[in-house]
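The values are calculated or read from the model by the stated rules, or taken from the named source; none is laboratory data. What you are looking at is a predicted structure, and each value in this text was computed from that prediction instead of being measured. Glycine gets a Cβ as well: all are built from the backbone with ideal geometry, and neighbour counts include every protein chain shown. For accessibility, only protein heavy atoms count, side chains too; no ligands or nucleic acids. Shrake-Rupley method; radii C 1.70, N 1.55, O 1.52, S 1.80 Å.
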Amino acid sequence: MENLRIPGPTPLPSEVLQAMTKQMINHRGEEFGQILNGVTDKLKQLFQTKGDVFLLTGSGTGGLEAAIVNTLSPGDKVLSVSIGVFGERFVAIAEQFGTEVIPLRFEWGKAADVDAIRQALQAEPKIKAVLVTHNETSTGVTNDLASISSVVKEFDKLLLVDAISGLGSINLPVDDWHCDVTVTGSQKGWMAPPGLAMVSMSQEAWQANSTARMPRFYWDFARAKSYLEKGQTPWTPAISTVFALSVSLEMMMKEGLSNIIARHARVAKTAREGIKSLGLSLFAEEGYASNTVTAVAASNGLDTKKMLRILREEHQVVLGGGQQKLAGKIFRIGHLGWVTENDIGAVISALRVVLPQAGLRT
Ligand SMILES: Cc1ncc(COP(=O)(O)O)c(C=O)c1O
């Protein structure tokens, strides 16, 4: 079996795989309603919210689109805080739907600067919402969302959060941090297959929703809410993926959120220390390195393409490369979901053998 250590999809526990072999059921029937209600209830606990949480059939990007079309109108000014590939994707979606985006970009590998966000909000009082990535998977950086949120709320703006690769693995108390819309995806820390986006909505987000004029049909949260009240989703859901998520959430509840967060912190520390022991350095700014993905700078002659190939072919270890302008410049180790220190220890051991074969000079 491959040691799949990309930042999602992740390997799945056998109980979760088993759940996907179950026969189909009526998605408008009582049994599905009970499963959906159970899943929603557990998600609320893990999101740490009393607000609404919706299960959407689609990938994380669909969830980001849903966040925008459910709260904004064409012509609205939004501040987008971008620190990498996924911050740019949020910008692209907001632009595509006709908002006026004020981009606030930071060097890739660095976290967003809270003072710069404050200045941008001071400079343009008409900004309606702030878009931010909690955990930037492309650079292995986790933003200081608590501080960002307190500035955003100082100015009383809506906060839309891409928490796709952090929520459920890194602490993100949605209500305490006043996140208005928070988006995650089943294939990340949730130990479930791809196919579902999970999204929370605050009261403020619902207020914005009541006047938001963006076109929306499939992603319409008002419709999702009215269907959820009868234990359904508006459209045919990815039933097998819901079965899987239902089991993985059960496992998460058993482990407990604080234990899950602590495990991810320990595993990430194993990854960071292991990387440093190999003579490599982290791409992420000190103090902001992510607990779900470690990005490693490729230096001293290291050919990342060759390294990834040898790891895969000779050690059955699958890591991620750099995306877009980071291609060839970094590689990434995913450590989220069903992962232990031993899994990452195996990755470090394989790297120790492969790095010199892939050109790393010591
Ligand atoms: C931070 C972040 N945002 C957005 C996405 C896009 O999610 P999806 O590929 O599920 O559409 C990802 C996926 O890697 C991500 O890590």
(request) Give, as residue ranges, the strands (runs of 3 or more DSSP E) completely inside the range 57-163 that count at least 2 residues that are under 21 Å from the mean Cα position of the chain (by Cα) and within 16 Å of the ligand (Cβ to nearest atom). (result) 77-82, 127-133, 158-162
(request) Collect the residues in the range 212-230 that are farther than 14 Å from Ala66 by Cα and open to solvent by 90 Å² or more (accessible area, probe 1.4 Å), keeping them in residue-number order. (result) Glu229, Lys230
(message) If I filter the range 245-252 for residues that are of a type outside the set (D, E, K, R) and either at pLDDT below 95 or surrounded by fewer than 16 Cβ atoms within 10 Å (Cβ to Cβ) (or both), do I get at least one hit?
(response) yes
(request) Test Ser277 against the stated conditions and say whether it is hydroxyl-bearing (Ser, Thr, Tyr) and open to solvent by 40 Å² or more (accessible area, probe 1.4 Å). (result) yes
(request) Mind counting the residues in the range 17-56 that are free of Cβ contacts under 8 Å to residues at least 60 places away in the same chain and under 18 Å from Pro234 (Cβ atoms)? (result) 2
(request) Kindly establish whether Arg216 is at pLDDT 95 or above and over 24 Å from Gly63 (Cα atoms). (result) no
(request) Please verify whether the range 317-324 includes one or more residues that are within 20 Å of Ile164 (Cα to Cα) and polar (S, T, N, Q). (result) yes
(message) So, in the range 176-207, exactly how many residues are in contact with a Ser or Thr (Cβ under 6 Å, 6 or more places away or on another chain), open to solvent by 10 Å² or more (accessible area, probe 1.4 Å) and away from the ligand (no atom under 16 Å from the Cβ)?
(response) 2
(message) Just to check your reading of the model, which residue among Trp206, Trp219 is aromatic (Phe, Trp, Tyr) and under 30 Å from Gly334 (Cα atoms)?
(response) Trp219
(message) Among the listed residues Ser82, Ser14, Ser59, identify the single one that is free of Cβ contacts under 8 Å to residues at least 24 places away in the same chain and either open to solvent by 10 Å² or more (accessible area, probe 1.4 Å) or under 19 Å from Leu145 (Cβ atoms) (or both).
(response) Ser14
(message) Of everything in the range 187-219, what is among the small types (Gly, Ala, Ser) and farther than 13 Å from Val53 by Cβ? Give them in sequence order.
(response) Gly189, Ala192, Gly195, Ala208, Ser210, Ala212
(request) Output the number of the condition that Val267 fails; it satisfies all remaining conditions of (1) farther than 16 Å from Ile348 by Cα; (2) outside any loop (DSSP other than H, G, I, E, B); (3) aliphatic (A, V, I, L, M). (result) (1)
(request) Scan Arg332, Arg272 and give me the residue that is among the basic types (Lys, Arg) and farther than 24 Å from Ser258 by Cβ. (result) Arg332
(request) Report, ordered by the first and then the second residue, all pairs with beta carbons closer than 6 Å, sequence separation of six or more or different chains, a first member in the range 206-223 that is in a loop (DSSP other than H, G, I, E, B), and a second member that is buried (at least 18 other Cβ atoms within 10 Å of the Cβ). (result) Ala212/Thr71; Ala212/Leu72; Met214/Val69; Met214/Leu72; Arg216/Val69; Trp219/Ala66; Trp219/Val69
(request) Take Gly322 and decide whether it is touching a residue at least 12 places away in the same chain (Cβ under 8 Å) and surrounded by 14 or more Cβ atoms within 10 Å (Cβ to Cβ). (result) yes
(message) So for the range 283-295 (the condition being aliphatic (A, V, I, L, M) and more than 19 Å from Ile83 (Cα to Cα)), does at least one residue qualify?
(response) no
